[in-house]
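First up is the structure itself, then whatever we jot down about it.
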Amino acid sequence: MKVTELFEKDYTPRIRIDMSRIRNDDKGEVSSILRGLMCSIEGWGAISGLTNDEFQTRDPLILKFSSVENAHYFKECVEYYFSDDILDRLEVKRRVKKA
């Protein structure tokens, strides 16, 4: 069974990213990776106007996705690609809210 069958069209998938505990020296690189990952999953339009500064100044940052599957996949990719040290500091939480 797919997650979308449970939520249908009444929910909007979101991911909350809190970078407040990331070292300042690493924030730019982490932001670039997160933007690239979002672009590869959601397409170019998803990151239009979303700069690295947004990740660093808006804490936490809420990213919206087109589907629950894409939001889950984004979180899984973050957990797979980032080192444990960064993951311990980076908080990425799934949020599915009623639209």
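The values are calculated or read from the model by the stated rules, or taken from the named source; none is laboratory data. Just so we're clear, the structure is a prediction, and the values are computed from it rather than from any experiment. With ideal geometry, Cβ positions are generated from the backbone for all residues, glycine too; neighbour counts draw on all protein chains shown.
Points to keep in mind about this one:
- Residues that are in contact with a strand residue (DSSP E or B) (Cβ under 7 Å, 6 or more places away or on another chain) and crowded, with 17+ Cβ neighbours inside 10 Å were ranked within segment 42-66; the one that is nearest to GLU29 (Cα to Cα) is PHE55.
- Residues of segment 23-39 satisfying the condition of being surrounded by 14 or more Cβ atoms within 10 Å (Cβ to Cβ), under 13 Å from the mean Cα position of the chain (by Cα) and not aliphatic (A, V, I, L, M): SER31, ARG35, CYS39
Results for (1) within 18 Å of LYS75 (Cα to Cα); (2) of a type outside the set (Gly, Ala, Ser); (3) in a loop (DSSP other than H, G, I, E, B), shown as yes or no for each residue.
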position: ILE17; (1), (2), (3): yes, yes, no
position: ASP26; (1), (2), (3): no, yes, no
position: GLU29; (1), (2), (3): yes, yes, no
position: LEU37; (1), (2), (3): yes, yes, no
position: ALA46; (1), (2), (3): yes, no, no
position: PHE55; (1), (2), (3): yes, yes, no
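- Of all positions in segment 60-74, at least one carries a residue that is modelled with pLDDT of 80 or more, out of contact with any Lys or Arg (no Cβ under 7 Å at 6 or more places or on another chain) and closer than 20 Å to ARG23 by Cβ.
- Residue selected from segment 76-94 under the condition more than 18 Å from SER32 (Cβ to Cβ) and surrounded by 14 or more Cβ atoms within 10 Å (Cβ to Cβ), by the criterion modelled with the lowest pLDDT: ARG94
- Hits in segment 19-56 (condition: charged (D, E, K, R), more than 23 Å from ASP84 (Cα to Cα) and modelled with pLDDT under 85): ASP53, GLU54
- LEU50 meets the conditions (1) in contact with a helix residue (DSSP H, G or I) (Cβ under 7 Å, 6 or more places away or on another chain); (2) touching a residue at least 40 places away in the same chain (Cβ under 8 Å) in every case but one. The failed one is (2).
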